[in-house]
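The values are calculated or read from the model by the stated rules, or taken from the named source; none is laboratory data. From a predicted model like this one, the values you see are computed outputs, not experimental measurements. Here the Cβ positions follow ideal geometry from the backbone for every residue, glycine too, while neighbour counts run over all protein chains shown.
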Ligand code: LLP
């Protein structure tokens with residue numbers, strides 16, 4: 001039985017003055033769980049300055065908004081490093097063999113995050129040429145990268161093979177392309193084989209991957225023929241097996257079950273002559289978006305996974321593989337805060353009050369896609385008493401572009417800065433230019449210093465790839481600028 005964030009709408013505002021329910025009390029309270037940031041609502045360095053205004057990484061949030069503009073993605077370096085260390089140390093403490101956590105960079109891919117994660121000794125999972133290039137240019141060593149994808153292009157596989165990145169074979173097409181690309185190279189190509197473990201977990205259906213009706217990986221009954229086929233390929237070196245069951249998962253049982261399924265597959269692969277020194281159990285650990293969320297800690301998750309894999313191998317008399325896992329959300333989500341400026345307001349008597357901010361579904365598509373709840377506070381009045389229940393709306397031309405439904409807030413005025421927490425994962429990476437709105441900048445904060453790690457897109461940037469056919473007559477305002 002797995003319980004996770006239910007897919008239905010769910011929002012919660014922290015109560016003003018009185019601490020909101022939840023392990024850490026009011027979100028800005030400094031007694032955060034520093035050892036497992038995924039259990040906190042806010043970055044671990046969140047504090048109140050002398051005037052009672054919110055600060056992260058020693059930087060006052062409203063000041064960041066003024067300096068860098070809004071919407072603004074703020075990333076707390078202390079939280080990012082703490083989560084990397086939590087995974088590394090938990091693996092070292094609870095797994096008797098070698099191990100490596102690979103950051104699932106789909107959660108938030110940038111040069112700076114790649115560099116930071118590499119510096120912390122983790123590896124990285126990429127799913128496209130873009131993520132791969134970002135990781136390599138960010139300084140992630142190729143031997144610590146794996147390339148995923150259920151429909152890799154020839155160019156993506158070539159890039160991985162040329163750079164010495166491990167390719168996760170997902171399907172027969174991958175094998176066809178590899179059979180064209182790999183032979184004749186000085187060394188066999190390193191591979192992992194992804195299969196669908198057939199484990200159900202009750203997260204949002206869009207982010208479930210381990211059940212049999214999934215587009216990812218080989219069916220379990222295809223495993224043996226594929227392993228036999230690979231055993232005949234001198235250009236292939238099967239490093240190990242991969243499976244991933246889903247995302248934003250709070251229960252530990254499916255991860256325990258996965259260990260048994262994977263150990264059976266490992267025994268089969270080794271019996272067919274494959275070295276299979278790696279077992280990659282994917283990611284999936286959930287995080288706290290609202291006070292009522294209660295995800296396991298990184299330490300609990302890792303120890304359950306590590307002990308289950310070690311025990312499953314013991315039972316089957318298998319030499320311990322290197323244990324790989326692929327955390328995405330739990331590694332970066334809590335480090336992120338998005339700052340918006342409050343703008344217009346619409347009151348519908350007896351029905352609803354909309355407070356609009358200067359971003360929305362283009363910088364955070366999660367509420368409209370998965371009905372995901374978030375927690376927000378006013379950056380300069382985080383402890384002011386809530387006086388009304390409002391719905392925070394984005395600025396996009398879409399009625400469903402609502403960031404926070406029915407949130408209790410103090411009265412807001414245009415220009416107030418709203419801080420939305422836990423936006424470090426799957427926000428920037430899933431952002432769009434819908435309505436031709438440029439993507440926000442991102443700043444990394446630490447010890448009172450803010451550094452731009454992604455520059456703000458400009459309207460002009462959005463025109464860069466447009467072409468007007470020469471046969472069209474030029475329009476009078478063609479020289480307009482913003
Ligand atoms: N490994 C594989 C093969 C994956 O497909 C994923 C996520 C991960 C690792 C990382 O999972 P995490 O630790 O982040 O749960 N856009 C959705 C999430 C999609 C997850 C896709 N795969 C969201 O915003 O909730």
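Among the candidates 213, 221, which residue alone is part of a loop (DSSP other than H, G, I, E, B), more than 19 Å from residue 285 (Cα to Cα) and modelled with pLDDT under 95?
Only one candidate qualifies: 213.
For segment 96-108, which positions are closer than 22 Å to residue 246 by Cα and in contact with a strand residue (DSSP E or B) (Cβ under 8 Å, 6 or more places away or on another chain)?
99, 100, 101, 102, 103, 104, 105, 106, 108 - these are the residues of segment 96-108 that are closer than 22 Å to residue 246 by Cα and in contact with a strand residue (DSSP E or B) (Cβ under 8 Å, 6 or more places away or on another chain).
Sort out which residues of segment 106-127 are more than 15 Å from residue 428 (Cβ to Cβ) and assigned to a loop (DSSP other than H, G, I, E, B), and write them in order of number.
Across segment 106-127, the qualifying residues are 120, 121, 122, 127.
Yes/no matrix, rows are residues, columns are (1) within 15 Å of the ligand (Cβ to nearest atom); (2) in contact with a strand residue (DSSP E or B) (Cβ under 7 Å, 6 or more places away or on another chain):
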{"position": "146", "(1), (2)": "yes, yes"}
{"position": "152", "(1), (2)": "yes, no"}
{"position": "169", "(1), (2)": "yes, yes"}
{"position": "177", "(1), (2)": "no, no"}
{"position": "192", "(1), (2)": "yes, yes"}
{"position": "197", "(1), (2)": "yes, no"}
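Are there any strands (runs of 3 or more DSSP E) wholly within segment 266-383 with 2 or more residues that are within 16 Å of the ligand (Cβ to nearest atom), crowded, with 24+ Cβ neighbours inside 10 Å and on the phi < 0 side of the Ramachandran plot, and if so which?
278-280, 322-325, 336-348
Could you check segment 146-162 and list, in sequence order, the residues that are in contact (Cβ under 8 Å) with a residue 24 or more places away in the chain and farther than 23 Å from residue 244 by Cβ?
The answer is 154, 155.
Checking the condition closer than 19 Å to residue 343 by Cβ, within 16 Å of the ligand (Cβ to nearest atom), touching a residue at least 12 places away in the same chain (Cβ under 8 Å) and in the same structural domain as residue 346 (by TED's automatic domain parsing), which residue from 403, 418, 409 passes?
Answer to the check: 403.
Of the conditions (1) closer than 16 Å to residue 170 by Cβ; (2) more than 18 Å from the chain's Cα centre (by Cα), residue 244 fails just one. Which one is it?
Unmet condition: (2).
Can you pull out every residue in segment 84-105 that is near the ligand (Cβ under 10 Å from one of its atoms) and assigned to a helix (DSSP H, G or I)?
Matches in segment 84-105: 105 only.
For segment 143-164, give me each residue that is under 21 Å from the mean Cα position of the chain (by Cα) and either surrounded by fewer than 16 Cβ atoms within 10 Å (Cβ to Cβ) or assigned to a loop (DSSP other than H, G, I, E, B) (or both).
Selection gives 148, 149, 150, 151, 152.
Pairs needed: first member in segment 271-284, in contact (Cβ under 8 Å) with a residue 40 or more places away in the chain and within 23 Å of residue 125 (Cα to Cα); second member anywhere, more than 16 Å from the ligand (Cβ to nearest atom) and in a loop (DSSP other than H, G, I, E, B); C-beta distance under 6 Å; at least 6 residues apart or different chains.
The qualifying pairs are 277/321; 278/321; 279/321.
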